Amino acid sequence: MNEQMKELVAMGASAAANCHPCMDYHLTKCDELGIDREEVAAAVKVGLMVNRGAENAIQKKAREVFGKTAIDD
């Protein structure tokens with residue numbers, strides 16, 4: 001895997017992990033490598049989709065364990 005791809009993966013992972021410092025760091029690296037911002041945004045979009053999927057899954061699990069009304073208050 002080349003350095004550009006590694007940084008794009010890192011950007012997506014940063015978004016998925018909600019890590020602002022990581023995103024700042026890897027965005028700087030992407031800029032240094034000359035990666036187009038549209039490509040970076042696409043990687044972030046994938047990370048955000050992963051994040052939403054994980055959030056939905058944990059909400060579902062919490063509702064199963066604690067009941068809908070306990071979680072949705």
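No value in this document is a laboratory result; all are computed from the given coordinates. Keep in mind it's a predicted model, so treat the numbers as computed, not measured. Cβ atoms come from the backbone with ideal geometry, glycine included; neighbour counts cover every protein chain shown.
Evaluate Rg over Rh across the chain, taking Cα atoms for both radii and Kirkwood's formula for Rh.
1.19
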_Restricting to lysines 8 or more places apart or on different chains, can you count the pairs in the chain with Cα atoms under 24 Å from each other?_
5
*the chain - Cys residues lacking any other Cys C-beta under 4.7 Å*: 30
*Just tell me, in residue order, which DSSP H segments of the chain are both 27 angstrom or longer along the helix axis (alpha-carbon based) and at least -1.0 in mean Kyte-Doolittle hydropathy.*
37-66
*How much FRET efficiency would the formula 1/(1 + (r/R0)^6) give for residue 25 and residue 52, where r is the Cβ-Cβ distance and R0 is 22 Å, rounded to 0.05?*
0.45
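Please report, in debye to the nearest 20, how large the charge dipole of the chain is about its Cα centre when each Lys and Arg carries +1 at its beta carbon and each Asp and Glu carries -1 there. Could you put the intermediate results ahead of the total?
Numbers: 9 positive and 12 negative charges, 94 e Å.
Charge dipole of the chain: 460 debye, to the nearest 20.
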